[in-house]
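*Asks:* This is the structure, below, for whatever I ask next.
The values are calculated or read from the model by the stated rules, or taken from the named source; none is laboratory data. Small disclaimer: the values here were computed from a predicted structure and weren't measured. Because the Cβ atoms are built from the backbone with ideal geometry, glycine has one as well, and the counts that use them run over all protein chains shown. Just the protein is used for accessible areas: all its heavy atoms, side chains included, with ligands, DNA and RNA removed. Shrake-Rupley method; radii C 1.70, N 1.55, O 1.52, S 1.80 Å.
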Amino acid sequence: MLPTLVPVLEALPLGPKGRFIEPFAGSLTVLLNLPAVPSVVCDKNAVLMNFYAALKAHGASFVSSLEPLFTPSGNTREVFDGLRAEFNASHDPERRAQIFIYLNKHAFNGLYRENSKGVFNVPFGRFELVSFPRDELLHLAERLRHVTLAPTGDFERLVDEAQAGDVVYCDPAYVPLSDTSNFTSYGADGFDFDDQFRLARAAERAALRGASVVISNHDTELSRDLYARAEIMNFNIQRSISRAGAERRKAPELLAIYRPSESVAEAEPFGSRMKIKAARSKTPSKAKATP
Ligand SMILES: C[S@@+](CC[C@H](N)C(=O)[O-])C[C@H]1O[C@@H](n2cnc3c(N)ncnc32)[C@H](O)[C@@H]1O
């Protein structure tokens, strides 16, 4: 998906005060693959947002505080169960943020899943070796300095804040490929049809205000109906779509692209603005070149 998505986002018009907005932040993979422009993100997963907040606030010192959790002696069921219990009982946001990344890397399949009472309940992952992602975390901490973590948990409020010249990318849980499969759910709440509908309508409103919005989803009749007012770009992606994961075949996906209803004054393509800036800062100014 990324190789298709990034050029699409980079070609969209970003206004002089334009921001990149990602209301379904997840692991922030998309943001990390785009030029570093001022950004705003949110996610319904409050535990994930709490982790980003700690990393943004404390940077390298927070990353160093995590390293002791990533030792061979910490990679046992006993330590995992103890930290999981501490995580579920703790009300200290920073301690929960520290344990979150340990659990994320040591849990079965790297899953984050809560039961209906909001208790993290994924079992130990039995990985032979879990390495400490120091460089990735430091890189993320650096990028988060230019990212606003929106206090809202729900995408709609953030999409409704998008203004002329902003670029919004939405990666919701996908609609089912067939009528028999269920809507994917994350955390304690599912993302149902009403949510898909709210998202499509919010995207239309944002485009009317002059923002660009891209939504990714499965390419189905339902999503074609949902995004009837968008430009559709479809493609196939190699991913496991059966429950057992044994059968791999191409799942059709689409990007629904809502272009701003009017052109934004002085907007430049998202991707080129930062490249132009970087090139300018490398070119010696006339004043400096003249002895
Ligand atoms: C498909 S994932 C996004 C993955 C992300 N693009 C990445 O690179 O990891 C969907 C995300 O949406 C979040 N989410 C689910 N419902 C939401 C809602 N109503 N508002 C905001 N985020 C929501 C989930 O917590 C999950 O992190």
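*Asks:* Which of the numbered conditions does Val37 fail, given that it passes all the others? Conditions: (1) under 30 Å from Gly165 (Cα atoms); (2) away from the ligand (no atom under 15 Å from the Cβ); (3) outside the structural domain of Leu158 (by TED's automatic domain parsing).
*Replies:* The failed condition is (3).
*Asks:* Anything in segment 6-22 that is within 16 Å of the ligand (Cβ to nearest atom) and touching an Asp or Glu at 6+ places or on another chain (Cβ under 9 Å)? List them, or say none.
*Replies:* Phe20, Ile21, Glu22
*Asks:* Give me a count of the residues in segment 115-148 that are within 16 Å of the ligand (Cβ to nearest atom) and open to solvent by less than 40 Å² (accessible area, probe 1.4 Å).
*Replies:* 9
Conditions (1) touching a helix residue (DSSP H, G or I) at 6+ places or on another chain (Cβ under 7 Å); (2) among the basic types (Lys, Arg); (3) not in a strand (DSSP E or B), marked per residue:
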position: Asp81; (1), (2), (3): no, no, yes
position: Ala97; (1), (2), (3): yes, no, yes
position: Leu103; (1), (2), (3): yes, no, yes
position: Asn109; (1), (2), (3): no, no, yes
position: Gly118; (1), (2), (3): no, no, yes
position: Arg126; (1), (2), (3): no, yes, yes
position: Val130; (1), (2), (3): yes, no, yes
position: Glu136; (1), (2), (3): no, no, yes
position: Ala141; (1), (2), (3): yes, no, yes
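*Asks:* Separate question: Of the residues Ala25, Ala54, which single one is within 12 Å of the ligand (Cβ to nearest atom), modelled with pLDDT of 95 or more and open to solvent by less than 20 Å² (accessible area, probe 1.4 Å)?
*Replies:* Ala25
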